[in-house]
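**Student:** Mind having a look at this structure? Questions to follow.
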Amino acid sequence: MSIFYQDRAEHLQFYLSDNNICTPHLHKQAELFYVLEGHLSVTVDGKERILSPGEGALIFPNQLHSTDTDGTSRILLCIFDSDFCHSYARYFRHTHPENNFFVLDKTDVHSKIALMGLLRLTRDFERKAPVPPDILPCAEGYLTLLLSRLFAQLSLTDLPESEDLELEQRLLIYLDGHFTENLSLDILSRKFGVSRFTLSRIFSEKLHTTFPNYVNAKRLAYAADLLRSGNLSVTQIALDAGFGSSRSFFREFQKEYRTTPAKYRSSLTH
């Protein structure tokens, strides 16, 4: 299973999303889902819930999460910097909720007003375009109002003071740009000036995987992309993706995709 770190430049994104599916990932922004039609499966830190219309989830920064749609769905999706709504910045940075999910009917009329306001704003600009400056104050107001109601329902737990979210972000951003290179926990330990144990704990506790599995997943996803989009030899792809040998690449690829690289490529041309 491929896990990735999503490094977003935008301070705010919100739009309607149909049939939302996203593999496990995390990012420094907060994220809000609200289901309008169909059903959406949301998994946060290993806890899965099927959301129906009128239900949603609030994901805090650096929480591992994924979504899946079985059939069809339409959701309001809002992704924003932790300090976009200033009153809640310290909560996003220093706490995590025990339960990320909410039911709109269990809040009050102000939550519904806020959500309807955000929905109306999504009609004023295209999804892929930046949020217009004149809309930002309205979006901040509606989002702050909604958070004021949702936070009243959340049971928040303080993050351990030793937890270095900045280190986690820097580590995963670095791996996104260097996963094809020779890597080990010892190499990363020297680069970031922390112990192997600290780095290993980030993978086990935050990503629910191991360092080798994380790097392998990124290399395999990259190799699969090269197989789909180019004519390089399988041996060259193995080297370009960061595998030490063709033998290890074949073994790991077959374990992940249940077929050989050559057969995988062949199946795409028929």
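**Student:** What are the residues in region 120-134 that are modelled with pLDDT of 85 or more and under 15 Å from residue 16 (Cβ atoms), if any?
**Tutor:** Listed by number, the residues that qualify are 120, 121, 122.
**Student:** Determine, yes or no, whether residue 67 is in the same structural domain as residue 17 (by TED's automatic domain parsing), in contact with a helix residue (DSSP H, G or I) (Cβ under 6 Å, 6 or more places away or on another chain), β-branched (Val, Ile, Thr) and within 21 Å of residue 52 (Cβ to Cβ).
**Tutor:** Taking the combined requirement at face value, the residue does not satisfy it.
**Student:** Given the criteria at pLDDT below 95, surrounded by 16 or more Cβ atoms within 10 Å (Cβ to Cβ) and either in contact with a Leu (Cβ under 8 Å, 6 or more places away or on another chain) or outside any loop (DSSP other than H, G, I, E, B) (or both), does residue 137 qualify?
**Tutor:** So residue 137 does not fit the description; no.
**Student:** For residue 109, are the conditions met, namely being closer than 25 Å to residue 172 by Cβ and at pLDDT 90 or above?
**Tutor:** No; evaluated as a whole, the condition is false for this residue.
**Student:** When you scan region 177-265 for helices (runs of 4 or more DSSP H) that lie fully inside it, which ones turn up with 2 or more residues that are in contact (Cβ under 8 Å) with a residue 40 or more places away in the chain, touching a strand residue (DSSP E or B) at 6+ places or on another chain (Cβ under 9 Å) and not acidic (Asp, Glu)?
**Tutor:** Passing ranges, in order: 211-229.
**Student:** Of (1) part of a helix (DSSP H, G or I); (2) in contact (Cβ under 8 Å) with a residue 60 or more places away in the chain, residue 166 satisfies all except one. Which?
**Tutor:** With (1) part of a helix (DSSP H, G or I); (2) in contact (Cβ under 8 Å) with a residue 60 or more places away in the chain applied to residue 166, the lone miss is (2).
The values are calculated or read from the model by the stated rules, or taken from the named source; none is laboratory data. Just so it is clear, the structure is predicted and the values come from calculations on it, not from any experiment. Note that we place each Cβ from the backbone using ideal geometry, even for glycine, and neighbour counts take in every protein chain shown.
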